[in-house]
Amino acid sequence: MAESSRGSPETCAKQLAFTCDVRHPDARRVSSGGTIAPASLYEPSADSPDPAEISVKSGPVKLVLVLLMPPETGPEHHRAASAAGILLVQMLTPNHAKVEFFPGRKGEEITDFTASAKVYER
């Protein structure tokens, strides 16, 4: 979704970021603008692969995403009690990722992408 780099409100919803937390550099984060998963900040579960390690050779990879709730006071987010769902990610090329979010699902329930998958460009 190359147009998501333009920054307008309608294209910001298409953004997807795999990053580290600014306050806790060892903590992995996934941020969705709303097209792939509900707009929010997520944390891959501890047993999910590190998104930075996903490559073309990896094939489809399942990330269990836990919703990070906004802080009520102070700067720290807190985790939701259960996983939000599975993010299936496959690097098609070093700069193109196929992704699809399966809300409320468990990893063993996901076998492949559906027609709802999107391809993102870095």
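Nothing in this text is a laboratory measurement; each read-out follows from the coordinates by a stated rule. Here the structure is a predicted model, which is why all the values come from computation and not from measurement. Neighbour counts run over all protein chains shown; Cβ positions are idealised from the backbone, glycine included.
In percent, what relative contact order does the chain have, based on Cα pairs under 8 Å that are 6 or more apart in sequence?
Details: 243 pairs, mean separation 21.7, N = 122.
18 percent.
Karplus-derived 3J(HN,Hα) values for the range 100-115, using 6.51 cos²θ - 1.76 cosθ + 1.60 with θ = phi - 60°, are 7, 9, 10, x, x, 9, 9, x, 5, 7, 9, 10, 6, 6, 10, 5 Hz; glycine and proline are entered as x. Taken about its Cα centre, the range 9-101 carries a charge dipole of about 260 debye when Lys and Arg each add +1 at the Cβ and Asp and Glu each add -1 at the Cβ. In this calculation the C-beta distance from His24 to Ser55 is compared with R0 = 30 Å, giving a FRET efficiency of 0.75.
How high is the relative contact order of the range 26-83, given as a whole-number percent (alpha carbon pairs under 8 Å, six or more residues apart)? Dividing the mean separation by the residue count of the range 26-83 yields 26 percent.
Quick one: plug the Kirkwood hydrodynamic radius of the chain (C-alpha pairs) into Stokes-Einstein at 25 °C, 0.890 mPa s, and report D in µm²/s.
Working: Rh = 14.9 Å.
D = 165 µm²/s.
Anything over 18 Å Cα to Cα? Flag those among Lys14/Lys106; Lys14/Lys57; Lys57/Lys98; Lys14/Lys62, in the order listed. Walk me through the numbers on the way to the answer.
Details: Lys14/Lys106 24 Å; Lys14/Lys57 26 Å; Lys57/Lys98 14 Å; Lys14/Lys62 20 Å.
Exceeds cut-off: Lys14/Lys106; Lys14/Lys57; Lys14/Lys62.
Between Asp112 and Arg79, full extension at 0.36 nm per residue minus the direct alpha carbon distance yields a gain of 9.2 nm. Each residue of the range 22-28 was assigned a 3J(HN,Hα) from its phi angle through the Karplus curve 6.51 cos²θ - 1.76 cosθ + 1.60 (θ = phi - 60°); the sequence is 5, 8, 10, x, 7, 8, 7 Hz, with glycine and proline shown as x.
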